[in-house]
1. Can you give the relative contact order of segment A:203-347 as a percent, counting alpha carbon pairs under 8 Å and 6+ residues apart?
2. Whole-Hz ³J(HN,Hα) for each residue in segment A:49-55, computed from phi via Karplus 6.51 cos²θ - 1.76 cosθ + 1.60 with θ = phi - 60°, x for glycine and proline: what do you get?
3. May I ask you to list the lysines whose Cα is less than 19 Å away from that of A:Lys302, ignoring any residue fewer than eight positions away on the same chain?
4. Quickly work out the B:Arg59-to-A:His347 label distance, labels modelled 7 Å from Cα along the C-beta direction, and quote it in nm with one decimal.
5. In segment A:48-95, which GluC sites (Glu not before Pro) are in a loop and have at most 13 other Cβ atoms within 10 Å, using DSSP for the loop call?
6. Provide the per-residue ³J(HN,Hα) series for segment A:220-233, in order, calculated from phi with Karplus coefficients 6.51, -1.76, 1.60 and θ = phi - 60°, each as a whole number of Hz, with x at glycine and proline positions.
7. With contacts defined as alpha carbon pairs under 8 Å and 6 or more residues apart, what's the relative contact order of segment A:296-366 in percent?
8. In the Gaussian network model of chain A, springs joining C-alpha atoms below 10 Å, which of A:Pro351, A:Pro239, A:Pro254 carries the largest mean-square fluctuation?
Amino acid sequence: MTAPIRTLDDRIRPSDTPDSPLDTQEYFINMGPQHPATHGVLRLMLKLDGETIREVIPVLGYIHRGIEKMGEAMTYRQFVHLTDRIDYLSALVNNWVVARGVEVATGTETNDRIEYIRTIFAEIERIQSHMLWWGVLGMDLGAFTPFLYGFRDRETLTDIFEETIGCRLTMNYIQPGGVMHDLHPNFVKRTKAALAYSKSKLHEYEELLSGNVILQERTRDVGILSAEDAVALGVTGPPLRASGVAYDLRKVEPYGVYDRVDFRTAVGSVGDCWDRYWVRVEEMRQSIHIVEQLIDNIPEGKTMLMKPAKKIVIPEGVYYNQMETARGILGMVLVSDGTSDKPYRIHLRSPNFNNLWALDAMSRGGRLGDLVANVSSLDLVVPDIDR
Amino acid sequence: MGVEKSADQALGGNYLLTRVDQVLNMARANSLWPLTFGTSCCAIEMMMATGAPRHDIARFGAEVARPSPRQADLLIIAGTIVKRMAPRLRTLYEQMAEPRYVIATGACTISGGPFIYNSYTTLRGVEDVLPVDVFVPGCPPRPEGLFYGLLTLQRMIKSGETLRQPGVRRKPVMSALPPGISMDDIRSEMESLLEADSEVDVEARRRQLGWPSSTNT
Ligand code: SF4
């Protein structure tokens with residue numbers, strides 16, 4: 001697919017080939033920035049013809065906080081805490097991207113214990129993120145009960161974070177050179193209990209929502225994103241896999257201890273909302289499976305290899321490093337000038353930003369009512385789009 | 001005002017008005033309808049508090065979250081407000097029906113939080129755009145923290161606005177502050193820090209970075 005370059009001016013001009021037999025007129029409406037279904041302050045300008053969507057134009061900037069620029073005035077250790085606030089549902093993976101970037105650049109080797117802890121936490125966080133998405137998707141499509149269920153079960157996982165990390169949301173736990181502190185003595189016991197609980201609940205989710213006629217009707221063959229479009233638009237994560245491309249960084253370029261565990265990549269076939277739904281539900285199951293394999297054999301060892309007081313100076317150069325968050329690939333470009341302990345430039349390639357542009361491709365020609373299902377199935381976190 | 005005059009002339013005027021005030025305030029305090037509004041991280045904790053079954057804000061009579069500002073009377077500002085969002089936030093506030101109350105959760109709404117330095121877009125505290133009744137500190141505040149803020153607001157409402165002086169409220173309070181520290185202390189410290197931050201010696205910085213001089217001498 002080649003994408004023509006179009007300015008906003010082009011976009012808001014009425015199209016010359018209205019394909020409706022009636023003498024209709026195109027018009028615009030705004031969705032957001034304050035709208036319950038956009039999960040934050042995302043604004044979508046919709047070009048409509050009757051109820052048919054002609055174009056979706058996302059308008060950004062309502063939560064742009066300048067995190068990349070702020071990073072230039074902070075040391076690498078300090079920058080970690082800001083990454084919590086980008087995609088707060090994958091805070092640990094965000095931390096990890098910075099940590100790994102610095103470790104690769106300085107040539108620090110971490111030990112197995114650190115990598116085990118990081119991988120386990122990243123997977124637990126993926127489960128809780130998908131649980132939240134599951135509940136919110138139900139609510140967006142008009143069913144309130146999933147919201148209650150998803151949030152109820154998410155709490156059991158938040159408890160695990162709280163016990164070891166001391167935080168429910170903004171973790172700041174994975175640091176360059178290790179993790180902030182060792183695991184809580186209860187960790188293994190509690191995690192096992194929570195996993196067993198989540199597993200039984202996944203069953204309940206399937207029974208409650210997956211087979212529901214309304215959900216099926218509203219997601220099947222709605223918002224189809226073809227594999228070519230997905231790849232051309234840089235879509236990653238569950239939406240990409242739902243379109244049939246089995247690209248998962250955990251498999252393709254394993255980091256942490258993903259190369260030592262057995263798990264399967266969930267892949268869809270059609271690329272509609274239902275596939276995206278199914279891929280995420282299956283991912284929860286696979287994540288539980290991953291943690292189950294790791295939880296019993298966390299090796300002994302130190303949990304922090306860099307002295308916290310040490311100044312981290314990265315050799316001059318440009319470094320890139322990427323990971324799979326719950327929403328797709330988060331990449332970090334790090335430019336260092338080789339003299340100061342602060343980055344010269346930081347750029348984040350955030351998964352939601354690229355996934356957002358798929359919204360136009362999947363909604364065009366569809367109905368206005370389906371847009372909510374499309375937005376919800378992309379699982380957007382708006383501060384990650386704007387940063 | 002008409003109510004006040006006629007009631008004052010009626011039998012037992014003052015006493016009656018006070019009772020009416022009390023009843024009204026009690027009703028208002030116990031039936032707050034929050035607006036679903038959240039911009040960033042704090043919104044998740046707010047959702048955990050208002051929607052989720054464990055914490056269950058319904059115990060305090062504030063569970064009817066409304067997506068439309070016209071039907072809500074409590075604005076919970078959850079998350080960072082940036083300059084581009086500020087006018088929209090103000091519009092939302094103005095669309096809400098009187099009497100309206102505002103709870104601002106999180107460090108971001110108090111002072112800019114983690115984004116206080118070096119960010120060119122965030123608002124250093126939402127008090128710049130609208131009056132806030134209760135601040136809830138934390139980054140993000142736990143659901144319990146939000147509840148404490150809500151209870152504080154309810155107490156304020158019960159003892160606050162009267163028929164005689166509609167719109168008159170007490171100054172904003174912080175729902176949990178360490179002993180001996182006031183809101184003014186925080187604000188003055190913040191101002192001095194920001195002031196120190198804003199003075200940039202361009203010439204010295206230029207020499208430090210080894211950039212060529214901008215003036216052609
Ligand atoms: S106070 Fe902290 S958690 Fe809340 S919006 Fe600001 S950065 Fe996010």
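Rule-based calculations on the coordinates, nothing more; no lab input. It should be emphasised that the depicted structure is a prediction, and the values quoted were computed from it without experimental measurement. Here Cβ is always computed from backbone atoms with ideal geometry, including for glycine, and neighbour counts include all displayed protein chains.
1. Values: 194 pairs, mean separation 29.6, N = 145.
Worked out over segment A:203-347, it gives 20 percent.
2. Karplus values, whole Hz, x for Gly and Pro: 10, x, 9, 8, 7, 8, 7.
3. A:Lys310
4. 5.0 nm
5. Values: sites: A:Glu51, A:Glu55, A:Glu68, A:Glu72; in loops: A:Glu51, A:Glu72.
Taking segment A:48-95 and a limit of 13 other Cβ atoms within 10 Å, the loop GluC sites (Glu not before Pro) found are A:Glu51.
6. 5, 6, 10, x, 6, 10, 6, 4, 4, 4, 4, 5, 5, 8
7. Values: 86 pairs, mean separation 16.5, N = 71.
Contact order relative to length: 23 percent.
8. Among A:Pro351, A:Pro239, A:Pro254, the largest GNM mean-square fluctuation belongs to A:Pro254.
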